[in-house]
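The values are calculated or read from the model by the stated rules, or taken from the named source; none is laboratory data. All values derive from a computational prediction rather than experimental measurement. Please note: Cβ atoms are built from the backbone with ideal geometry, for glycine as well, and neighbour counts cover all protein chains shown.
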Amino acid sequence: MPAWKRTVSEVAILGVAGLVLGFSFNELRGSGTIKPFKNYFDKGPISPPPAPRSESGASMGTAREAIQPPTADSVTAEASEHRQHGFGEIKLADLAELLNDPSTRAGLNVFVDARKQDLYDEGHIPGAVRCDPYDTDACIDDVLNSALAADKVVVYCGGGECEDSIFMCRELNAAGVDYGALYLYTGGWSEWTRAGNPVEVISGE
Amino acid sequence: MRLAEERSVIRKLDQNGLALLVVRVLLGGYFVYMGVSKVRDPVEFLKLIRLYEMMPESPAVFMNASAIVVPWLEIIAGSALVLGLFAGGAAATIATMLTVFTPAIFLRALAIRASEGTGFFDIAFDCGCGSGVVIIWKKLLENALLLLAAILLMLSRSRRFCLDRVLDGRRTRSTYCRACGYGLCDGVDGVCATCRDSAQVAAGAAEPAG
């Protein structure tokens, strides 16, 4: 057999082996499975309400006055792209106020952390439940238990260029959470901690 | 004359096989390591693939399949190269992957340079290569060297220290020369034409003396 034919056939064998092993392992692994046909990067609500809301939490009631103006570094190309998600946003001051609101203690406001487990364990917004937008099967039921009955569901991730909170919002919307109840905290964990707000840590016990 | 000498040096390297063994182990081991680091967190790899904007987000199957298969292709090709099993094909597979990845990294670096105004030599990002955030010009240089090594292995016909040689010997006994392990033999006596000619010349030279 000519050398080039041999090389081509070897490449084909290795390629098929890669396909078989890749998909088999993907199916068998416990966590981190990628669903081949699922678009993980869909943005925007599935069922938007007729009237679009303002970006700065106009429906946040008494928290409206606490809205902070955007900082210089937040007005970047990434940030403007970040806002093309179609969900309502909540600002830092509004969120801090919401956290101390009696309705939160009554379980009417739910916070969802869309970051990885280890980051969540290191610290998260008090009371936040974790759900990974890329592995919702493992957590969506827990979140829905409280989110479906909540007035406001605030979703956040790392902040900056992180888009996982957007994808989590879409997942929750697809699972039945009302568009009007979903809020994105785009400042995310980095802004929350930078401002010295309270955090909750999962102890190693 | 000089060219012939140089070719002779390359051929000796090829025939000796030790240098190729070292290159094979290093290149193959590197790809196994990179593949394993991606397999650990395929979702993160998927997110990084997306940033290259090389594939459509919808239908998602192409991007998702890449995140599922590419790490395993790296592990399999790397392992095959280390073992010397399908060595030519493994080197060609790795060379193909590097030929796709390297221009993609370069183009993304250029896009970042254009959008952020960062100097090219200051650009650093997680290229999805399995090694986290890296200085891009260094990564490109590294990939060029890896590609060179993969092409060298792909073109080499030596199968010394390769499982291929053992398997070929069992299967056909005629693929590679049993004398030099380099040339393709014609099945007559298990040696290549070059070795046979050399043996005949040596025999011819020995006759008058005898």
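Summary table
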item: Flag if B:VAL69 is surrounded by fewer than 22 Cβ atoms within 10 Å (Cβ to Cβ), among the aliphatic types (A, V, I, L, M) and within 8 Å of chain A (Cβ to nearest Cβ); result: yes
item: Candidate set from the range B:41-66 (those that are over 13 Å from A:PHE41 (Cα atoms) and at the interface with another protein chain (Cβ under 8 Å from one of its Cβ atoms)); member that is surrounded by the fewest Cβ atoms within 10 Å (Cβ to Cβ); result: B:ASP41
item: Failed item in (1) over 29 Å from B:SER58 (Cβ atoms); (2) at pLDDT 90 or above; (3) of a type in the set (Ser, Thr, Tyr), with A:SER24 passing the rest; result: (1)
item: Residue ID - farthest from A:GLY187 (Cα to Cα), chosen from residues in the range A:88-122 that are in contact with a helix residue (DSSP H, G or I) (Cβ under 6 Å, 6 or more places away or on another chain) and of a type in the set (D, E, K, R); result: A:GLU97
item: Answer residue from the range B:15-29, given it is touching a helix residue (DSSP H, G or I) at 6+ places or on another chain (Cβ under 7 Å) and of a type outside the set (A, V, I, L, M) and is modelled with the lowest pLDDT among those; result: B:ARG24
item: Scan of the range B:138-168 for residues that are more than 14 Å from chain A (Cβ to nearest Cβ), within 14 Å of B:VAL22 (Cβ to Cβ) and not aliphatic (A, V, I, L, M), ordered by number; result: B:ARG160, B:PHE161
item: Complete set of residues in the range A:123-165 that are in contact with a helix residue (DSSP H, G or I) (Cβ under 8 Å, 6 or more places away or on another chain), assigned to a helix (DSSP H, G or I) and farther than 18 Å from A:GLY176 by Cβ; result: A:SER165
item: Residue in the range B:188-198 that is outside any loop (DSSP other than H, G, I, E, B), surrounded by fewer than 13 Cβ atoms within 10 Å (Cβ to Cβ) and at pLDDT 70 or above present; result: yes
item: Meets criteria (outside any helix (DSSP H, G or I) and of a type outside the set (D, E, K, R)) for B:LEU85; result: yes
item: Selection status of B:MET154, surrounded by 13 or more Cβ atoms within 10 Å (Cβ to Cβ) and modelled with pLDDT of 95 or more; result: no
item: Scope the range B:159-177; condition part of a loop (DSSP other than H, G, I, E, B) and modelled with pLDDT of 75 or more; matching residues; result: B:ARG159, B:ARG160, B:PHE161, B:CYS162
